[in-house]
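Before we start, here is the structure in question, set down as structure tokens.
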Amino acid sequence: VRRVGKTSLLNIVYNETKGLKTWVDGRIVTNPKKEIFSAIFEVIKTGEPKIFGNIESLNISAFGIGLGIKPASETLASIEKKIREAKQLTVFIDEAQRMDRKELADVLSYFYDRFPNIYIIISGSEIGLLEEVLGENDSEHALYGRSITKIIMKRLDKGKSIEFLESGFQQTGFKISKEEIKQAVEELDGLIGWLTLYGYEKAIIKNHDALNKTKEIASQIAASELNHFLKKTRNKKLYTSILHNAVGISWSELRFQASKELKKDLNPNLFSYALEKLVKYSFIEKNNGSYQLADPIMTKALFLL
């Protein structure tokens, strides 16, 4: 789910990982095969950890907007030899779902098969798209049959959410009532991204209306993401109707409510395709046969479309 704290966790692991390492931001990678390979070789060659993708280093390079490095003049054989001779290297790829998924899978399988000293950690918000990268259920996929460890991150429960905010406010020396913290947790639903934004508005900006400001910013961000997704669909009304009615109900109930809203009987196959796509892109969650919005902020975001 978005805003559940994946990048924060990845940052911590990156900072605590010893030895050679590199970070690649999938949002600005235009050619995974070239750019990830070049990023790895750059770190091997210099012997220094390096982050590719931070805003400060954006520039036009040989690969487009992204890595400020040039193609190596060495042959592929000599590059591979240097990579094999290096000690362990950990590659962190954030927002992996933003890349070309087939190209990313190809480059991951290449390094997996040829270089046991390279460890790759990928993260992303849209679980269905990441599954396409991993290809666990596709026997013809480049990564099929490889050993993969998954870490599924979930939102904080109420107790942990309260503890998270209390710790943050304590670190900043900001005094806040337990009632305010509980209300924020109730409305932001344990999503670390929104809880952090609330803490920033409250303790750093000193906004007296921090919770409403947080919800306003959050809903605009969520609406922008949803609008970007809907632009790629052929039936915007169907998707928005499913989102409107995903309130923790079963497949049949959701189809009935969406049909009622759209004033037509929805084809089961068409409805299932749209619903599965919303789950795949992490806008909707399925829990024990019931479908609901993955983020309560989405309710407000729907009105901004």
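Please count how many residues of the range 138-150 are closer than 21 Å to Pro116 by Cβ and either modelled with pLDDT of 85 or more or not hydroxyl-bearing (Ser, Thr, Tyr) (or both). Write out each step before concluding.
So in the range 138-150, the residues closer than 21 Å to Pro116 by Cβ come out as 141-150.
Now narrow it down to the ones that are either modelled with pLDDT of 85 or more or not hydroxyl-bearing (Ser, Thr, Tyr) (or both): 141-143, 145-146, 148-150.
Adding up the residues that qualify gives 8.
Related question: Being in a loop (DSSP other than H, G, I, E, B), more than 30 Å from Ser177 (Cα to Cα) and either open to solvent by 30 Å² or more (accessible area, probe 1.4 Å) or in contact with a Leu (Cβ under 8 Å, 6 or more places away or on another chain) (or both) narrows it down to one residue among Lys264, Lys237, Lys206; which is it? Step through it out loud before you land on a result.
Details: Lys237 fails: in a loop (DSSP other than H, G, I, E, B); Lys206 fails: more than 30 Å from Ser177 (Cα to Cα).
Result: Lys264 is the single residue among Lys264, Lys237, Lys206 that is in a loop (DSSP other than H, G, I, E, B), more than 30 Å from Ser177 (Cα to Cα) and either open to solvent by 30 Å² or more (accessible area, probe 1.4 Å) or in contact with a Leu (Cβ under 8 Å, 6 or more places away or on another chain) (or both).
Let me ask you something else. Does Ala203 satisfy the condition of being free of Cβ contacts under 8 Å to residues at least 60 places away in the same chain and either touching an Asp or Glu at 6+ places or on another chain (Cβ under 9 Å) or of a type in the set (S, T, N, Q) (or both)? So that I can check it myself, show each step before the final result.
On the way: free of Cβ contacts under 8 Å to residues at least 60 places away in the same chain: yes; either touching an Asp or Glu at 6+ places or on another chain (Cβ under 9 Å) or of a type in the set (S, T, N, Q) (or both): no.
No: the conditions fail for Ala203.
Can you tell me which residues in the range 268-287 are surrounded by 13 or more Cβ atoms within 10 Å (Cβ to Cβ) and not in a helix (DSSP H, G or I)?
Tyr281, Ser282, Phe283, Ile284, Glu285, Lys286 - these are the residues of the range 268-287 that are surrounded by 13 or more Cβ atoms within 10 Å (Cβ to Cβ) and not in a helix (DSSP H, G or I).
Search the range 20-31 for residues that are over 19 Å from Ser125 (Cα atoms) and pair each with any residue that is surrounded by fewer than 21 Cβ atoms within 10 Å (Cβ to Cβ) and of a type in the set (Gly, Ala, Ser) when their beta-carbon atoms are under 8 Å apart and the residues are at least 6 apart or on different chains.
As it stands, the answer is Leu20/Gly47; Leu20/Ala86; Asn31/Gly64, since those pairs meet every condition given.
One line per residue, one yes/no per condition, for (1) closer than 25 Å to Glu131 by Cβ; (2) modelled with pLDDT under 85:
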site	(1), (2)
Leu9	yes, no
Ile12	yes, no
Lys18	no, no
Val24	yes, no
Ile36	yes, no
Ile51	no, yes
Ala72	no, yes
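Do you know which residues across the range 154-186 are open to solvent by 20 Å² or more (accessible area, probe 1.4 Å), closer than 29 Å to Glu285 by Cα and touching a Phe, Trp or Tyr at 6+ places or on another chain (Cβ under 9 Å)?
Scanning the range 154-186 gives Leu156, Gly168.
Within the range 152-162, which residues are assigned to a loop (DSSP other than H, G, I, E, B) and touching a Lys or Arg at 6+ places or on another chain (Cβ under 9 Å)?
Restricting attention to the range 152-162, the residues satisfying the condition of being assigned to a loop (DSSP other than H, G, I, E, B) are 152-157.
Result: Met153, Arg155.
The values are calculated or read from the model by the stated rules, or taken from the named source; none is laboratory data. Everything quoted here is computed from the prediction, not taken from an experiment. Neighbour counts are summed over all protein chains in view; Cβ atoms, including those assigned to glycine, are modelled from backbone coordinates with ideal geometry. For the accessible areas, the whole protein counts, side chains as well, though only heavy atoms, and no ligand, DNA or RNA atoms are used. Shrake-Rupley method; radii C 1.70, N 1.55, O 1.52, S 1.80 Å.
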